[in-house]
1. Using the Karplus curve 6.51 cos²θ - 1.76 cosθ + 1.60 with θ = phi - 60°, what ³J(HN,Hα) values do you get for each residue of the stretch B:51-68, in whole Hz, with x for Gly and Pro?
2. Can you list the residues, at least 5 places off or on another chain, whose amide H is less than 5 Å from the amide H of B:ILE260, using H built in the peptide plane?
3. Return a whole-number percent for the relative contact order of the stretch A:402-466, with Cα pairs under 8 Å and 6 or more residues apart as the contact set.
4. Give me the net charge of A:GLY89's neighbourhood, meaning all other residues with Cβ under 15 Å from the Cβ of A:GLY89; Lys, Arg count +1, Asp, Glu -1.
5. Have a look at A:PRO456, A:ALA176, A:ILE246 and report the one farthest towards the positive end of the charge dipole of the protein assembly as shown, computed about the Cα centre with Cβ charges (Lys/Arg +1, Asp/Glu -1).
6. Can you list residues whose amide H is under 5 Å from B:SER418's amide H, if they're 5+ apart or on another chain and H is modeled 1.01 Å from N?
7. Taking beta carbons within 10 Å but only from partner chains, what does the mean come to for residues A:188-199?
8. Using only the Cα atoms of chain A, build the gyration tensor, take square roots of its eigenvalues as a ≥ b ≥ c, and label the shape rounded, prolate or oblate: rounded if a/c is under 1.5, else prolate if a/b is larger than b/c, else oblate.
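Values quoted throughout were computed directly from the atomic coordinates according to the rules given, and no laboratory measurement underlies them. Only a predicted model underlies this, so the values are computations on that prediction, with no experimental measurement involved. Glycine gets a Cβ as well: all are built from the backbone with ideal geometry, and neighbour counts include every protein chain shown.
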Amino acid sequence: MNKRMIARTLGFLLLAEAVLLLLPVFTALYYQVRFPSEPNDVFHFLATAGIAAVLGLLLISVRPKDKTIYARDGFAIVSLGWIVMSLVGAVPFTITGEIPNYLDALFEIVSGFTTTGASILSTNGGGAPGDLSALSHASLLWRSFSHWLGGMGVLVFLMAVLPLAGGGGDIHLMRAESPGPDVGKLVPKSNQSARILYLIYTGLTVAEILFLYVGHHCGTDPNMDFFTSVCLSFGTAGTGGFATRISGFADYSHYSQTVIAVFMMLFGVNFSIYYLLLCKRFKDAFRDEELRVYLGVLGIAVALVTVNTFKTAFTNFGDALHHAFFQVTSVITTTGFSTVDFNQWPNFSRVILFLLMFLGASAGSTGGGVKVVRCILMLKAAKVGARRLSHPRNVTSVTFNGKPVSRDTLNNTTTYFIVYSAIYVTSVFLVALDPNLTSITSVVTGVAATLNNIGPALEELSPTANYGFLWPLSKIVFIFDMLLGRLEIFPLLFLVMPSAYKRHFRLHKPY
Amino acid sequence: MIDLKIIVVGIGKVGQTVAEQLALEEHDVTVVDTDPDAVNDAVQSADVIGVIGNGAVQRTLQEAGVADCDLVIALTGSDEVNLLCCLMAQKTGGARTIARIRNPEYTGQIGLIQDSLGLARAINPEKEAAAEIQRILKMPVARNADMFSMGKVELISFIVDENCMLCGKALSESFAHIKARALVCAVEHGGELTIPDGNFVVQKGDVAAALIPTAEVPDFFRQIGFRTSNVRNIMIIGGGKIAYYLVKSLLRLNVSVTIIERNREIAEKLSLEFPKANVIHGDGTNRSLLLEEGLTHMDALCSLTGIDEENIVLSLFAKNVAPQVKTVTKVNRTAFQEVIRAIDVGSVVYPKYTTANLILQYVRANSKHNGNGSDMQKLTRILNNRAEAIEFTVTDGSRVIGKTLTDLELKKGILIGSIIRAGKAFIPRGSDMIQAGDSVIVVTIAQRLTEIDDILKD
């Protein structure tokens, strides 16, 4: 492993975090000027930025002998980077006293960066520490901003700005951080590819902010002020899920909720589709198999939930449709926003939502879960396998988008699913030990909601509840699950494998 | 610097090198190959994007973006596929095309092929490598030899040993006694490359590169203490394509050639093609065979088998039993260059680099600004590809015209080595001026030059 390159890249990452922390600093300054009675967080964010900057500068001074990195270096950089980034990012919450318990603060920021949106903050109001109302505007912004950064990836963000590794090494970082079985570039040069991704990403985010703010400006939604538009758009873009009000989403107009739902759906689409659209390759874009399955499943799920909640949870068909659409989209894209407490819905709808948690969004989007493309591949492989049980000599190839899928990819996808399941089961075991949880549903759905980066689960971890009451072991398990889910397991697993540290081992990303 | 969109079809040994070099020069490179592993490797080792498929099929080319691509380079193992690929590329997008065509049977009709298919270049790596070997054989003291300006100027690299007059003296001191016009434009000492000035002291073991007008080459080497002799008897081991082209041109010069080839069919074909050559069917690594066929009386030995290790060992063996023999070794793999250099096996020819250089030269020459002031005629890399010598023809728009050389503010690491005017080559002095219509040879260590004005400080 090229330890010097790893250290140096982590240095750049920390410097970037220091610069990004300035956004909450300016927010704090702004609100300090406008609303002097608000808690003043300027110094705390500045101090954290300072710490990050100092650490970053120290690490950058490490001069690598060789700038070449391989797949395993990519894994190490991504996993260590995200851990370090979270450790530093949690500091402001603790030193401001808003989340005095560091583990809780860490949970919250990891939930932010991994775009989960599970919160340990209570929603009682009153401004007590550990409650959502205690957070200053700067803290709220930092929480939501972490969703935006984590969505498309921090290393991808860096790559757009400066070349991190020599030769073609950047692809290893991209592959380690971006979700999906076969991550590729949009254009030949890595940094240009990263730039295009971020341009599309930023463009869509800005569009959502405008749509939301227009609603406020026209008077239809008094609660959707500019600050909220920005925070919620950050959250949608990263498919995160943090709310900024203690009432969640209930106080926003139907218009705002619909805007958010539509954009959630958009952010769950593979970004290379958007690139295809920009290149005017419309046919290729709309013929994409993953896109069709994604939209198809979404449509069917919305229909089923609407019918199921009409007359049971909602008296009005329009309401049922509206909230079904919002909630299904929220869960399938692993965002986790909720307009109503879907824990009160009939079992059928709740099960649909639970299963959608595992399906996840498209690869190459900011969503989590196993990813639609992997599910498609596994089902196809299973179909072919089943056929060969009755026709052993039959040769059928698995194809995706008309192209044959290599056996390697299929094997790796299956491997991914097996390891994923093992982690799910282990987590359920550990979380079941929690004395504060009484319902098995909470345990099972809670792990699903964190491993797949959704946020709210069912029963005791429903949208109206929070994760704060759990004991530390559960919180630690969930922190790992959130990271494992966002980074798609192997980069983190790699860190704990002893073979990683052996000099002669070269690891290819298995899937 | 305009960056081109380039598609490289076929990532074999040469394709990979070319793709890497072009990506380093900041062009947008897409590689195409039918082998997914090759494509994956290429994408991981260079900043390129890959498409898996047959490059001669229109759909694959479209997927690779041929519609708005500037240049398609076909380097697959099959000449026919390369030609088809270029044809499809041209018809689909109008990109310029370069194809590798190595079958000796097609050399006669290359011109016709090029015209009909609109190829910008047809590259025959073996023929080029053979030409390079021939230049080295013409000047046996040379490690490498390159020709500029239609043969008016040679750039020759050689090792300075204790017999050489330059050894241990400052350049200005040595050249005060030399009548031949030559300029030492780059010296490699202990792994470090320098563009020397008059005070530079050349030491034993250094590799020097000198620009010399062709007519004065033998004279120059004699004056600095090298005994030059004409190569009259050459032994070639390995009857492959390079040998084919080499033998053809050597026989034209009335040189006596012995070829040792392991495969009977190939040996017979060679003897049919070249009745004047002495063709031996035997194993070139057989020591007694080599001695029997007169290795010790040869002036030169060219090891051109398909196996790098064999070639290297043969050359070392020759140097051992017959130190006067000039050895030229062909090495396919470029990965172990430094090791081979350290062994000091004599002249080494890397066909991979020959091809890559030709392509790079073409790309450089065609990615220049508008309002240029020069045409690039030739680009070559010397001293293990770490320095470049480029020949430009200067046109009216250039900013280098009309100023004396001392007045021109050049970037670091650049030397104007030679000016060719009205068919005559000369080493310029500080008081000389570059005129429109001159050909100028520039040697540079660090810079990437695409036109003559690039040598000036911005």
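1. Rounded to whole hertz, the list is 10, 9, x, 8, x, 8, 9, 4, 4, 5, 5, 5, 4, 7, x, 5, 4, 10.
2. B:ILE236, B:ILE237, B:GLY238, B:ILE280
3. The normalised contact order for the stretch A:402-466 reaches 22 percent.
4. -3
5. Value: A:ALA176.
6. Result for B:SER418 returns B:ILE441.
7. The mean count of partner-chain Cβ atoms within 10 Å per residue comes to 3.
8. Details: a/c = 1.43, a/b = 1.06, b/c = 1.34.
Rounded, because the longest to shortest axis ratio a/c is under 1.5.
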